[in-house]
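Throughout, read-outs are computed from the coordinates displayed, never taken from laboratory work. All figures in this text were calculated on a predicted structure; none of them were measured in a lab. We place every Cβ from the backbone using ideal geometry, glycine too, and count neighbours over all the protein chains shown.
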Amino acid sequence: MSSDACAYTDYEDGEVPTAFPRTGEGATGAEAEVWAALREVEDPEMPVSIVDLGLIYDVSVDGDEARVEMTLTYTGCPAKDMLTNDVRCAALTASGVQVASVSIQYSPPWSVEMVTDAGKEQLREFGLSV
Amino acid sequence: MEPAEAELFRLADDEYVLAERYTEWQIYAPTPESDLALANIAQDEFGHARLWYDLLEEEYGYDEPDLLWERDPADFVHSTLVELETPEGDWADTVVRGYLYDAAERLRLEALEDSSFEPIADRVPKVQGEEEYHREHAQSWLDRLTDSADSRERVQAAVDQLFPHAMTLFAPTVDEDEILDAGVRSRSLADLREDWLDEVVPYLDSLGVAVPDPEDVVRPEPLGRDGSHTDDWFDLHDEFTASYRELGFDEPAELRGENA
């Protein structure tokens, strides 16, 4: 058999769009509280905050309504419903927030490069090579 | 139907039905590695189907039973290529099917990168990123399968059987003109088909596999895109909706032993 038979997939690093990852730095008031609550939500498979994974794209609070825009690492993510529900519940813990909605975005596409340095450190501790 | 809605059905149905056929290999694929690889590809395709079905829900008000569980099988618009039953144990069939499909899928997605319907354009890069591996997988298997005469014959038989059905990937739905006019897709099916032929014919040829002349190919009567399908589809639809029907959502729940 030729060596081609043992070809492997090369996972190239994606590019990081400017202003990503978003971590809530500089957020104030209820928005800061939502970011803090989202920090407590971990990926279902790895003990890393979804904020450090770079999955949260935007948080806004308008009156008593919070909106979170987030992405998924993978389109086939079987934990989509569970994760969006965790995010919604986390957003509801901020003071004054009565309603929370979560929308999934795929642009810009997520890549490992969007993980924060702290997140990468935790992934390494977990045993992943990043 | 809105043009973007029509294109979403083409995209979603193709991916969903292809994934259904892939999953039939689970625990039966030739090696544990190929089993895992195909299961992973199936999960990707289900994920992509969900991306497109989600948009149909968000933008056009459908719900999941409308789109899958309670939809008339004659309203599905996937290509007949993806619905055909895999001949028992015929790995070459699945490899060839995946190859022909994935080559067309890349071209179609490229033609959607600048879609006038932004939610589609937004999702394309993520999907393209996940599709690359599918083509690599199919081609590495084709290279191996055409390495010996016996298995090359199987590949040839699969190409002979599947090629006419692959042509239906480029068959129009009734909404095709509107899809182009509205700029939902930037290239016509005829253009995509030409690029696809320019890619797959020389490649298969280089492996010693002959591709029928597209002009001489007898098109299958059901085209898929117009809702006409082979019997294989109606059987598959019956199978994947069986659990949903058995759950009997329209019946009130009964306690076990009630009315016993």
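Under a Gaussian network description of chain A, with springs only between Cα atoms under 10 Å, the residue in A:THR71, A:THR28, A:THR18 that fluctuates furthest is A:THR18. Ellipsoid semi-axes for chain A, based on the Cα gyration tensor and the rule √(5λ), read 31, 15, 13 Å when sorted largest first.
Among B:TYR53, B:TYR28, rank each residue by its count of other Cβ atoms within 10 Å, from fewest to most, as a rough exposure measure.
Working: B:TYR53 23, B:TYR28 12.
Exposure proxy ranking, most exposed first: B:TYR28, B:TYR53.
Partner shielding of B:87-99 amounts to 0, given as the average count of beta-carbon atoms from other chains within 10 Å of each residue beta-carbon. Scalar couplings 3J(HN,Hα) for region B:2-17, obtained by applying the Karplus form with A = 6.51, B = -1.76, C = 1.60 to θ = phi - 60°, are 5, x, 5, 4, 5, 5, 4, 5, 4, 5, 5, 5, 4, 5, 5, 6 Hz; x denotes Gly and Pro.
Just counting partner chain Cβ atoms within 10 Å, what average do the residues of peptide A:98-104 show around their Cβ?
1
Note on B:SER186/B:GLU58: beta-carbon distance plugged into 1/(1 + (r/R0)^6) with R0 of 22 Å gives a FRET efficiency of 0.45. Annotation: amide H of A:TYR57 within the under-5 Å range of A:GLU69, A:MET70, A:THR71, sequence separation 5 or more or interchain, hydrogens built in the peptide plane. Histogrammed with a bin width of 10 Å, the alpha carbon distances of chain B distribute as 7, 30, 36, 19, 6, 2, 0 percent, first bin at zero.
Once the convex hull of all Cα atoms in region B:112-210 is built, its volume per residue stands at 99 Å³. A simple rule links phi to the HN-Hα coupling: the Karplus curve 6.51 cos²θ - 1.76 cosθ + 1.60 with θ = phi - 60°, which for region B:24-29 gives 5, 7, 4, 6, 10, 4 Hz, with x for Gly and Pro. Hey, in the GNM for chain A with a 10 angstrom Cα cutoff, which one of A:PRO108, A:PRO44, A:PRO78 fluctuates hardest? Its mean-square fluctuation being the largest, the pick is A:PRO78.
Quick one: Kirkwood hydrodynamic radius for the protein assembly as shown, alpha-carbon pairs, angstrom, one decimal? It would help to have the intermediate numbers written out before the result.
Working: mean 1/r = 0.0434 Å⁻¹.
Evaluated over the protein assembly as shown, this radius sits at 23.0 Å.
Per-residue Cβ neighbour counts within 10 Å put A:MET82, A:MET114, A:MET46 in the sequence A:MET82, A:MET46, A:MET114, beginning with the fewest. Measuring r between the beta carbons of A:ASP64 and B:GLU118 and using R0 = 30 Å, the FRET efficiency lands at 0.55.
Taking the longest Cα principal axis of chain A as reference, the axis of helix A:80-91 is set at about 30 degrees. Computed from Cα atoms, the angle from the helix A:29-39 axis to the main principal axis of chain A rounds to 30 degrees. For A:ALA100, nonlocal amide neighbours, meaning residues 5 or more places apart or on other chains whose placed amide H falls under 5 Å from its own, are A:ALA66. In order along region B:56-63, the phi-based Karplus estimate (6.51 cos²θ - 1.76 cosθ + 1.60, θ = phi - 60°) of 3J(HN,Hα) comes to 5, 5, 5, 9, 10, x, 6, 10 Hz; Gly and Pro are listed as x.
Residue order for A:ILE104, B:ILE27, fewest other beta carbons within 10 angstrom first, comes to B:ILE27, A:ILE104. Would you please state which residues of region B:16-49 a label at B:ASP147 would reach in this model, taking the label point 7 Å out along Cα→Cβ and a backbone N cut-off of under 17 Å? Once the point is set 7 Å along Cα→Cβ of B:ASP147, B:30-35 turn out to lie under 17 Å by backbone N, inside region B:16-49.
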